[in-house]
């Protein structure tokens, strides 16, 4: 499936990022920080902040955000919901609380976050590559890939996008690392730990058209993260 979709996907902001909650200064990450982070284990999720999240906890915000997605995508009560790059399963946990009769599948490509997920959601989580979704064609009512697919190389990003289209046929919401100018690109290069495919918005649009992706997207830019391009 190449260049089938000539129009870029619609951008959707559900209000996850709040710039005023973040510091304006950039924390430079060293190669040592990146080497630790890329293990994607306890040090990345629950270790020191310079190596990752500095404690990846459920702050409850998805209970407020999930209803927006349920309404926007008209997700049915018994629908199938997939979280691609689910980490500890916080997003699915919120959806399960709101749609208790649904079918939930969380896909994560490293074992640590699955191993320490809450017991009531762990049963729904599996370890797999992000470009291999164990679902039948057009069988998913909603798929979310939040801050996940752009940790892959470009080739695997394209494969993931095609897989998302195969199983969800446009009923999807993804976020990707993006920049609008050279200053924002420099910010990402200094700050990101595991971001691999970080592109200009125009380049992302070309990738989406190439892959035939027609779902919704949010471009996670330095501005969205609370960093100023003049910082």
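The values are calculated or read from the model by the stated rules, or taken from the named source; none is laboratory data. All values reported here derive from a predicted model rather than from experimental measurement. In this analysis, Cβ positions are derived from the backbone assuming ideal geometry, glycine residues included, and neighbour counts consider all displayed protein chains.
Within segment 44-65, work out how many residues are buried (at least 16 other Cβ atoms within 10 Å of the Cβ) and over 30 Å from residue 98 (Cβ atoms).
Of the residues in segment 44-65, 2 are buried (at least 16 other Cβ atoms within 10 Å of the Cβ) and over 30 Å from residue 98 (Cβ atoms).
Any idea which of (1) surrounded by fewer than 18 Cβ atoms within 10 Å (Cβ to Cβ); (2) farther than 19 Å from residue 215 by Cβ; (3) touching a residue at least 24 places away in the same chain (Cβ under 8 Å); (4) touching a helix residue (DSSP H, G or I) at 6+ places or on another chain (Cβ under 9 Å) is the one residue 136 doesn't satisfy?
(2)
For every residue, the table says whether it meets (1) in contact with a helix residue (DSSP H, G or I) (Cβ under 8 Å, 6 or more places away or on another chain); (2) more than 16 Å from residue 203 (Cβ to Cβ); (3) touching a residue at least 60 places away in the same chain (Cβ under 8 Å); (4) in a loop (DSSP other than H, G, I, E, B).
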residue	(1), (2), (3), (4)
126	yes, yes, no, no
150	yes, no, no, no
155	no, no, no, no
158	yes, no, no, no
163	no, yes, no, no
166	no, yes, no, no
170	no, yes, no, yes
183	no, yes, no, no
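Determine whether residue 101 is buried (at least 18 other Cβ atoms within 10 Å of the Cβ) and within 23 Å of residue 70 (Cα to Cα).
no
Which one of these does residue 143 not meet: (1) in contact with a helix residue (DSSP H, G or I) (Cβ under 6 Å, 6 or more places away or on another chain); (2) in a helix (DSSP H, G or I); (3) under 27 Å from residue 68 (Cβ atoms)?
(2)
As an exercise: evaluate residue 130 against (1) buried (at least 20 other Cβ atoms within 10 Å of the Cβ); (2) not in a loop (DSSP other than H, G, I, E, B) and give the number of the one condition it does not meet.
Failed condition: (2).
Please go through (1) within 25 Å of residue 212 (Cα to Cα); (2) part of a helix (DSSP H, G or I); (3) in contact with a helix residue (DSSP H, G or I) (Cβ under 7 Å, 6 or more places away or on another chain) for residue 113 and return the number of the only condition it doesn't satisfy.
With respect to (1) within 25 Å of residue 212 (Cα to Cα); (2) part of a helix (DSSP H, G or I); (3) in contact with a helix residue (DSSP H, G or I) (Cβ under 7 Å, 6 or more places away or on another chain), residue 113 is out only on (1).
So residue 45 clears everything in (1) modelled with pLDDT of 95 or more; (2) more than 19 Å from residue 225 (Cβ to Cβ) except one condition, right? Which one?
Checking residue 45 against (1) modelled with pLDDT of 95 or more; (2) more than 19 Å from residue 225 (Cβ to Cβ), the one that fails is (2).
Just wondering, is there one or more residues in segment 86-98 that are closer than 26 Å to residue 137 by Cβ, over 15 Å from the mean Cα position of the chain (by Cα) and not in a strand (DSSP E or B)?
Looking for residues that are closer than 26 Å to residue 137 by Cβ, over 15 Å from the mean Cα position of the chain (by Cα) and not in a strand (DSSP E or B), one finds at least one in segment 86-98, hence yes.
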